[in-house]
Structures are given as C-alpha cells and as structure tokens.
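Engineer: One structure coming up, written as structure tokens, with questions to follow.
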Amino acid sequence: MNVARSLRELQDLSPGLDEFRESVVGGLSASPKTLPCKFLYDAEGSRLFDRICDLPEYYPTRTEVALLRSRAGDIAALAGPGAVLVEFGSGAGVKIRLLLEALREPALYVPVDISRDHLSAAADSLAEDFPDLPIAPVCADYTAPFSLPPVPGVGPRRRVGFFPGSTIGNFTPGEATAFLRGAARLLGPGSLMIVGADLPKDPSILVPAYDDAAGVTAAFNLNLLRRINRELGAGFDLAAFRHEARWNPAESRMEMHLVSLRAQEVPLGPHRFAFAEGETIHTENSYKYGRDAFAGLARAAGYCPAEVWTDPAALFSIHVLDV
Ligand code: AVI
C-alpha cells in the first residue's frame with residue numbers, strides 16, 4: 001500500500017452546512033449581492049467544471065497542459081532527483097501525471113485538498129498508475145496553515161509546490177499574496193513553486209470562455225442556486241435568473257454573475273431577499289495576470305521569480321518561483 005497515510009484518520013474539513021448558510025445569508029444581504037465561488041463545486045458543479053475544461057471556448061486547460069507537456073523536462077531539471085511534490089488541490093488528471101512522469105525518482109507526492117472524497121479518489125487513482133511513488137494526502141484548507149507529512153528515506157529533499165489551473169485567479173490579489181506567502185513558509189527556503197496563471201487577452205476570447213455556446217458555464221453558475229435550494233431550503237426560481245460573464249478591464253478579471261430577470265423575492269428560512277429586475281449576484285472573479293504583474297505579486301509574497309513560460313499565442317503562463 002503506497003498511500004502513506006490512511007484518509008480515514010483525516011478530518012473532513014469541507015465547509016459544513018452552517019458555514020454555507022452563513023455565507024449565503026451574508027452574501028445575499030450585502031450590496032451588491034455576492035456568493036463565494038468555492039460553493040460552486042458540489043458534486044454536480046465539479047462534474048460541470050470538468051466539462052468546462054473540455055469546451056472549445058475554454059482555452060486555459062488545454063493550453064496549460066500543452067505548456068506543461070513541453071516544459072515538464074525543464075521542471076524536472078530544476079527540481080532535481082528525489083523531490084517532494086506538494087500539490088495545492090488534488091489533481092488526478094493529466095497535469096500532475098505529466099509532472100510525475102518527468103520528475104526523477106520523486107521521494108513523495110503530497111496532494112492537499114479540502115474535499116476528502118476528491119482527495120481519496122485522486123490518491124487512489126494515482127497510486128494505481130505510479131505504484132512506486134509514496135503518496136501522503138493531506139486533507140486541509142490550503143489557504144490556512146498546515147504541516148507537511150514526514151518524508152520517507154534520508155537526506156535533504158527539494159520541495160516543489162504545484163498550483164496549476166489559474167486557480168490563483170479565483171483569489172483577490174490580496175488573498176493570492178497571502179496564499180503564496182503561506183506556501184513559501186510551508187515549502188521552506190530552497191524550494192520551488194510552480195503556478196499556472198491565465199493571461200489578460202482580448203474580451204472576444206475571454207467572454208466566450210466564460211459563456212460558452214453549449215451553455216455549460218451557465219449551468220455551472222446556475223447550479224449554485226439549485227444547491228442553495230436543495231441544501232438550505234431556499235426558493236430560487238432558476239428560470240428567473242440568467243448567467244452573465246463580464247470582462248472588468250479596470251480589475252483585469254472575468255466576472256460571473258447571475259442576473260435577476262424580474263423583480264422578485266426569494267425566501268430562505270426566516271429571510272426574504274428582494275431582487276430588482278437586472279440586479280445581479282456576483283458569483284466568481286477570475287483574475288488575469290500579465291507576466292510582470294504576476295512576478296510583482298510573487299515578489300510581494302517573498303519569492304524570486306525564476307522562469308516564466310507562455311504558449312505561442314500568449315494565452316496562458318506558467319511561473320517558476322524560487323522560495
Ligand atoms: C477553477 N477556475 C480556475 C476556473 C476559472 O477559469 O476561473 C473556474 C471557472 N469558472 C468558469 N469557468 C471556469
């Protein structure tokens with residue numbers, strides 16, 4: 001058995017129903033109305049997000065995979081033999097496999113994820129394909145402090161942090177800096193941090209990526225209201241809201257909103273939330289960082305930017321940062 005620590009011993013840190021209710025009531029009471037994007041990912045939301053990643057309009061996933069494929073050897077050379085790979089979020093997919101295949105005799109793979117189910121499935125699937133790789137999953141909120149499991153064997157090991165997918169873009173710049181600072185503290189001096197960041201580009205590419213013709217992103221966004229109805233007993237009429245994707249050039253971010261199609265009141269327990277026609281719930285930000293802007297953010301978090309790779313069409317970037 002290669003999965004070094006039994007997941008059964010780990011606490012499930014997924015947000016509970018009370019935290020969900022508190023966030024929803026707080027967000028819908030605010031002006032403008034907002035909901036945290038982390039709640040988009042229930043089982044159906046995660047399934048829809050997987051479909052988004054394969055959409056023709058959603059360029060980030062395939063572009064980052066192609067970049068990683070061409071740069072995996074460079075990353076392996078920078079990491080050296082016997083590295084400890086720490087992934088923030090647990091990927092069972094092609095990105096982590098590309099890295100693991102390229103690294104020379106990695107000493108340990110540490111996927112860190114708040115969802116125990118996701119973590120468990122990802123660790124099991126990787127253990128099957130990499131039978132000699134020690135895997136030590138950590139069920140934790142990677143935006144809060146946690147510690148790394150012990151590394152098998154002897155000798156100093158280079159730690160390599162991996163945060164792909166432009167997930168950094170779903171944080172505010174302040175949250176992104178705080179996350180990067182925490183990751184640097186966790187990984188320690190002499191480590192590497194590899195971050196995938198989406199680049200700013202023409203809205204004619206960005207907007208369809210977040211409002212695809214098949215309506216998958218719209219279903220992903222509206223599913224949040226379905227989840228609130230199911231888990232919190234709210235009375236959202238899904239037909240009375242539509243998905244909207246907006247480019248906000250001043251903030252260099254894509255925004256997802258749910259637009260109320262009419263004046264309406266939505267019950268949730270003892271609350272009733274009033275919506276004017278056209279009023280929106282802001283459900284997600286996806287910040288796009290130019291090369292220099294991201295390097296500045298990384299420096300502010302205490303890193304020394306070492307490399308940045310982009311695809312030929314300058315859609316996406318992978319940053320290598322020295323801790
Ligand atoms: C997970 N995250 C990086 C995606 C993004 O592009 O911001 C989430 C997403 N939202 C709509 N489409 C994809």
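The values are calculated or read from the model by the stated rules, or taken from the named source; none is laboratory data. Just so it is clear, the model here is predicted, and its values are computed rather than measured. We place every Cβ from the backbone using ideal geometry, glycine too, and count neighbours over all the protein chains shown. Calculation scope for accessible area: heavy atoms of the full protein, side chains included, ligands and nucleic acids excluded. Shrake-Rupley method; radii C 1.70, N 1.55, O 1.52, S 1.80 Å.
Engineer: Under a point-charge model restricted to the Cβ atoms of Lys and Arg (+1) and Asp and Glu (-1), what is the dipole moment magnitude of the chain relative to its Cα centre, in debye to the nearest 20? Don't skip to the answer; put the middle values down first.
Structural biologist: Values: 31 positive and 40 negative charges, 105 e Å.
Roughly 500 debye, rounded to the nearest 20.
Engineer: Please determine, in degrees from 0 to 90 and to the nearest 10, the orientation of helix 291-300 with respect to the longest principal axis defined by the Cα atoms of the chain, where the helix direction is its Cα long axis.
Structural biologist: 80
Engineer: Ordering LYS95, LYS38 by how much accessible area each has at a 1.4 Å probe, largest first, what is the list? Walk me through the numbers before you get to the answer.
Structural biologist: Details: LYS95 40, LYS38 110 Å².
Ranking LYS95, LYS38 by accessible area, largest first, yields LYS38, LYS95.
Engineer: What does the convex hull of the Cα atoms of the range 189-257 come to per residue, in Å³, rounded to a whole number?
Structural biologist: Values: hull volume 11.7 nm³, N = 69.
Spelled out: Cα convex hull of the range 189-257, divided by residues, is 169 Å³.
Engineer: Top mean-square fluctuation among VAL65, VAL138, VAL160, Gaussian network model of the chain, C-alpha springs under 10 Å?
Structural biologist: VAL65
Engineer: Next question, about the same structure. Normalised by the residues of the chain, what does the relative contact order come to in percent, with Cα pairs under 8 Å and at least six apart?
Structural biologist: 20
Engineer: Relative contact order, percent, of the range 199-254 when contacts are C-alpha pairs under 8 Å separated by at least 6 residues? Present the calculation step by step, with values, prior to reporting the outcome.
Structural biologist: Values: 37 pairs, mean separation 22.4, N = 56.
Relative contact order of the range 199-254: 40 percent.
Engineer: How big is D for the chain, in µm² s⁻¹ as a whole number, if Stokes-Einstein is applied with the Kirkwood radius of its Cα pairs at 10 °C and 1.306 mPa s? Could you put the intermediate results ahead of the total?
Structural biologist: Values: Rh = 20.7 Å.
This corresponds to a translational diffusion coefficient of 77 µm²/s.
Engineer: Excluding LEU238 itself, what net charge comes from residues whose Cβ is under 14 Å from its Cβ, given Lys and Arg +1 and Asp and Glu -1? Write out the running numbers ahead of the final one.
Structural biologist: Details: positive: ARG226, ARG227, ARG230, ARG242, ARG262; negative: GLU44, ASP237.
Combined, the nearby Lys, Arg, Asp and Glu give +3.
Engineer: Taking springs between alpha-carbon atoms closer than 10 angstrom, which of ALA140, ALA102, ALA214 fluctuates most in the Gaussian network model of the chain?
Structural biologist: The residue with the greatest mean-square fluctuation here is ALA214.
Engineer: Pick from ALA218, ALA250, ALA127 the residue whose mean-square fluctuation is largest in a GNM of the chain, springs joining Cα atoms under 10 Å.
Structural biologist: So, out of ALA218, ALA250, ALA127, the one fluctuating most is ALA250.
Engineer: Another question, then. Determine how many Å³ per residue the convex hull of the Cα atoms of the range 15-122 encloses.
Structural biologist: Values: hull volume 14.6 nm³, N = 108.
Taking the convex hull of the Cα positions in the range 15-122, it is 136 Å³ per residue.
Engineer: Net charge within 10 Å of ALA76 by Cβ-Cβ distance, Lys/Arg positive one each and Asp/Glu negative one each, not counting ALA76 itself? Spell out each step's value before the answer.
Structural biologist: Details: positive: ARG71, ARG104; negative: ASP74, GLU101.
Result for the neighbourhood of ALA76: 0.
Engineer: With a sphere of radius 15 Å drawn around the Cβ of GLY296, what net charge do the other residues whose Cβ falls strictly inside it have (Lys, Arg +1; Asp, Glu -1)? Before the final figure, lay out each step's value.
Structural biologist: Details: positive: ARG181, LYS288, ARG291, ARG299; negative: ASP292.
That sum, taken over residues with Cβ under 15 Å, equals +3.
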